[in-house]
Amino acid sequence: MISRLTYCEEGFSVVIKDLNAGIGALQNLNNLGLNIGDTIKLLENSRQEGPLSVEFNSREIRIGRELAGKILIETESPVIVTLDQVKVGDIVEVTKMNSAGDIRYRLLDMGLVRGVKLKVIRFAPLGDPIEVKINEFMLSLRLEEARSIEVKILEFGLNGYRSKKRWWTKG
Amino acid sequence: MNKNIIEKAPLISLVGPPNSGKTSLFNHLSGKNLKTVNYPGSTVFFSSSEVNVHGELINLLDSPGIISLIPDSPDEQVAIDALYAHPMFGKPDLLVVTIDANQLSRHLFLVRQLTIAGFDVIAAITMNDILERNGYTIDTHSLELELGCTVCKIDGRTGKGLDILRNKLKDKLDTASANNDYKRNNGSGDTDELISIYREIGNIEERVLLKLSEVNRNVRTANEALNILNIGSSGSETRTIDKLTLRIDRIILHPQWGLLIFFITMAVLFTSIFWLALPLMDLIDEIFSELAIISTGIFQHSWLGDLISDGIINGVGSVLVFLPQIIILFLLLGFLEDVGYLARGAMLVDKPLSKIGLNGKSFVPMLSGFACAIPAIMAARTIPNRRERLLTIFILPLMSCSARLPVFALLIAFLIPAGNAWIGGLILASIYMFSILSSSAVAGIISKFSNQFVGVMDSSSFILELPTYKVPKIKIIIKSTLQSSYSYISKAGPVILTFSVVLWFLTYFPNTDPRIDEDGLTVQQIQEIKSAERVATSYASELGKILQPVMEPIGLDWRVGVSLISAFAAREVFVSSLALIFKVTAGDDDAMQESLISAMRNAKIENTDRNVFTTSSVIGLIIFFVFALQCLSTVAVSKQETGSWRIPAVQLILFSILAYSLSFVTVNLLRVIGIA
Ligand SMILES: Nc1nc2c(ncn2[C@@H]2O[C@H](COP(=O)(O)OP(=O)(O)OP(=O)(O)O)[C@@H](O)[C@H]2O)c(=O)[nH]1
Ligand SMILES: [Mg+2]
């Protein structure tokens, strides 16, 4: 399935399939010496913040988290991340709840249990909290709480990725 | 149950998740008009009413929303405790659980928990109109079989389905067993058990939810539809979340526009308080000055005449004149609440608020704090984290409440040329901004430096459901505004009247008819000089002179000091006391506020020719009022809600010190830079 570079495990080699972004991002990628179709190895991915580092042609390249989130790659294994790392439009399934105490019950009460499916609606204008659709209602929770929820990505919100005409890429 | 043995009327409790329509149903059944708003957690205390159900008298109890039997915030704790034994009414005989049709899988969880605990339950499904608008309906019969309890559909807004509900209530009450042994889940709930209940409930939902177009009970199609819908993938994604809500949120919560809209909303909210109210205020002002003139005409300048026109009419009038502003504030707040915007606002400001130790959920209490600190402090119950709740309560008195409006309005009118409402609105807006900033600073400093101040450290969270947007019910908003305004008047009114009269007495006696040299003076001038002399030799002056040394550093004199002291009864009293002490000319043609202002302009610090009210001293006064906790009721509610005198005592002392010293600094800084 298609995944994002930011969701990748360290140590894996992946092929850059595409960019889920405009031409500006492609240029940024090219400036780093990378292009669509290249095979890169992920060296470091802190999963929270800061740039990722990848190996390409035995050279280490650092890619900003913003850009890395737009790099689409192909992967076989299921993509498991914590809920604070998802992007708008992603559809995910809860696989594990790591929160403790009161908050755990609160989240359970809201229907956040293993197996439930969420759709990421948006991040609040200031970046936190995150808003997800769960069952039939909208729930907003802090990134901090989201961090304690492990989810499996079922589908990527590619914000119009498929429908957008992208004349600048080959093919 | 054999009712004639038991004299007490049976008790029916309305319970259900927040925002599921309990209060709406309560209002319809009881014919009362409690406030229903579109923000989860709007009911924080209980209301009860006697209701006649097909000839049988019952006690109906409305309660705060609960999500499960495991409490999360104090209001939930209270509601859950009351389920088992209400402090006043005891155990409920029957529960009516309101369930939002659009959130079955979550809300049925509560029903299941309640039935497992052994309660007698009727599930009342609300919001069916929204579900049906989205093309689905609930099969109540299947649901009854699945849940093993009575189910009916109602509409809390129109009253549809209530007759059926009444019938079922009656049936239930007649047949109810006397079993009142409830299993109590004391919080340490077993997670696996919870999860298994969830699983089961999710399955129930799939079985009872039918697509409207195929009400032939083709469960399989419904299931299929649901599977797609639950994932929320493309196409017919929104079953129940209103498409409209999604679309509006795209703008309201837009990364940039969202913030802009938020600021504009707040700015419009506070400026409109000022200029929308202006014509009405002028009208009230005029009416009261007319009344004063009429009464002087009748009683002349006897002491009775002066009591009526100065003590009573002026005192009451100078406060009533601000009623339009208060009404407009309540109206606009009610509107925003009911539409569903406030939950979004909470989400928007959670991040900055969490930085200063508060919570997005502090937003609604803080905003209501602009109306009145008392309901605001009570609304803080919806904040689950104790630390954040106490901190919110702590800073709420700094929110510029409507009782300060009269004071600010007067002082602003003193500062700016007459009739310039826009500048006035702007100054008022900046006072509000200032009060927000200073309360943030106080919160930030306290949460940073004093971890032990509030004692507990439980983990902070912000988990809030965003309600769908609803068309506001103007009628109810107006009714509840009138109610709040009425209770404002009925609470503040007697206090203000009493203080006016007491103060009038203190400023009028003992030297009621001072001797002066009347040669060559007009009647008008004689009156003016006489009353000035009377005040200067009155009891109030004796008492007030003790205050003189305290008032001098902030550029004022004992007369303002007396007004400030009387403002402890209620801040608005400040205005009426000023009117009484300074407005020495009664019954001229000017409107009251104008003549009070011109009296303020002419007032000199005694035995000098320095003005009492100058730009600097008035700005200093404004600063004083921003910080000072001059409201005994707030102190009392703060004690009640925090459970001890510690926080209110700290509030009182800290805010008084802040008020006085900051006002001192401001006045003297202004003077240094050349502003008199
Ligand atoms: N469309 C629709 N709206 C409803 C219905 N019943 C209630 N509402 C609205 O839902 C909102 C919440 O109703 P309330 O009665 O305040 O809910 P509550 O359960 O008392 O909420 P809390 O006191 O906050 O726990 C209000 O705006 C009501 O007008 C209904 O059947 N259909
Ligand atoms: Mg209610």
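The values are calculated or read from the model by the stated rules, or taken from the named source; none is laboratory data. Predicted model only: the values in this text are computed from it and were never measured. Note: ideal-geometry Cβ built from the backbone for every residue, glycine included; neighbour counts use all protein chains shown. What goes into the accessible areas is simple: the full protein's heavy atoms, side chains included, and nothing from ligands, DNA or RNA. Shrake-Rupley method; radii C 1.70, N 1.55, O 1.52, S 1.80 Å.
Before moving on, here are some points about what is shown:
- When B:Asp163, B:Asp174 are checked against the criterion of being without any contact (Cβ under 8 Å) to a residue 12 or more places away in the chain and surrounded by fewer than 18 Cβ atoms within 10 Å (Cβ to Cβ), a single residue qualifies: B:Asp163.
- The number of residues in region B:17-48 being at pLDDT below 85 and either within 9 Å of ligand 2 (Cβ to nearest atom) or open to solvent by less than 30 Å² (accessible area, probe 1.4 Å) (or both) comes to 12.
- Residues that are among the charged types (D, E, K, R) and open to solvent by 60 Å² or more (accessible area, probe 1.4 Å), drawn from region B:617-676: B:Lys639, B:Arg646, B:Arg671
- Filter result for the condition that a residue is under 30 Å from B:Leu244 (Cβ atoms) and in a loop (DSSP other than H, G, I, E, B), over B:Ala371, B:Ala343: B:Ala371
- Matching entry among B:Ile164, B:Ile99, B:Ile154, B:Ile116 (being at pLDDT 85 or above, away from ligand 2 (no atom under 16 Å from the Cβ) and assigned by TED's automatic domain parsing to the domain that holds B:Leu61): B:Ile164
- Of the residues making up region A:90-121, those that are at positive phi and open to solvent by 20 Å² or more (accessible area, probe 1.4 Å) are A:Gly101, A:Gly115.
- Only one of B:Leu14, B:Leu69, B:Leu57 that is more than 16 Å from ligand 2 (Cβ to nearest atom) and either modelled with pLDDT of 85 or more or of a type in the set (Lys, Arg) (or both): B:Leu57
- Residue within region B:130-148 that is more than 16 Å from ligand 2 (Cβ to nearest atom), in contact with a Phe, Trp or Tyr (Cβ under 7 Å, 6 or more places away or on another chain) and at negative phi present: no
- Scan of region B:522-544 for residues that are open to solvent by 80 Å² or more (accessible area, probe 1.4 Å) and under 22 Å from B:Ser500 (Cβ atoms), ordered by number: B:Tyr539, B:Glu542, B:Leu543
- B:Lys183 touching a helix residue (DSSP H, G or I) at 6+ places or on another chain (Cβ under 9 Å), at pLDDT below 80 and open to solvent by 50 Å² or more (accessible area, probe 1.4 Å): yes
- Close pairs from region B:48-64: first within 9 Å of B:Ser30 (Cβ to Cβ) and within 14 Å of ligand 1 (Cβ to nearest atom), partner open to solvent by 10 Å² or more (accessible area, probe 1.4 Å) and among the β-branched types (Val, Ile, Thr), Cβ under 9 Å, at least 6 apart: B:Asp62/B:Thr23; B:Asp62/B:Thr43
- Entry remark, region B:107-133: residues being open to solvent by 10 Å² or more (accessible area, probe 1.4 Å), within 14 Å of another protein chain (Cβ to nearest Cβ) and more than 12 Å from ligand 1 (Cβ to nearest atom) number 2 in total.
- Summed over region B:7-28, residues that are charged (D, E, K, R) and more than 7 Å from ligand 1 (Cβ to nearest atom) total 2.
- Set B:Leu358, B:Leu348, B:Leu410: member being away from chain A (no Cβ under 14 Å), open to solvent by less than 10 Å² (accessible area, probe 1.4 Å) and in contact with a helix residue (DSSP H, G or I) (Cβ under 9 Å, 6 or more places away or on another chain): B:Leu410
For (1) in contact with a strand residue (DSSP E or B) (Cβ under 9 Å, 6 or more places away or on another chain); (2) closer than 23 Å to B:Val51 by Cα; (3) of a type in the set (Ser, Thr, Tyr), each residue gets a yes or a no:
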residue: B:Gly65; (1), (2), (3): yes, yes, no
residue: B:Ser68; (1), (2), (3): no, no, yes
residue: B:Glu76; (1), (2), (3): no, no, no
residue: B:His86; (1), (2), (3): yes, yes, no
residue: B:Leu94; (1), (2), (3): yes, yes, no
residue: B:Val97; (1), (2), (3): yes, yes, no
residue: B:Leu110; (1), (2), (3): yes, no, no
residue: B:Ile116; (1), (2), (3): no, no, no
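- Within region B:277-311, tally of residues that are surrounded by fewer than 19 Cβ atoms within 10 Å (Cβ to Cβ) and either hydrophobic (A, V, I, L, M, F, W, C) or not in a helix (DSSP H, G or I) (or both): 15
- Selection of region B:63-86 for residues being touching a helix residue (DSSP H, G or I) at 6+ places or on another chain (Cβ under 8 Å) and outside any helix (DSSP H, G or I) yields B:Ser63, B:Pro64, B:Gly65, B:Ile66, B:Ile67, B:Ser68, B:Leu69, B:Ile70, B:Pro71, B:Asp72, B:Ser73.
- Within region A:93-128, considering residues that are modelled with pLDDT of 85 or more and out of contact with any Asp or Glu (no Cβ under 9 Å at 6 or more places or on another chain), the one nearest to the other protein chains (Cβ to nearest Cβ): A:Pro125
- Residues of region B:85-98 include none that is of a type outside the set (D, E, K, R), within 14 Å of chain A (Cβ to nearest Cβ), touching a residue at least 24 places away in the same chain (Cβ under 8 Å) and within 14 Å of ligand 1 (Cβ to nearest atom).
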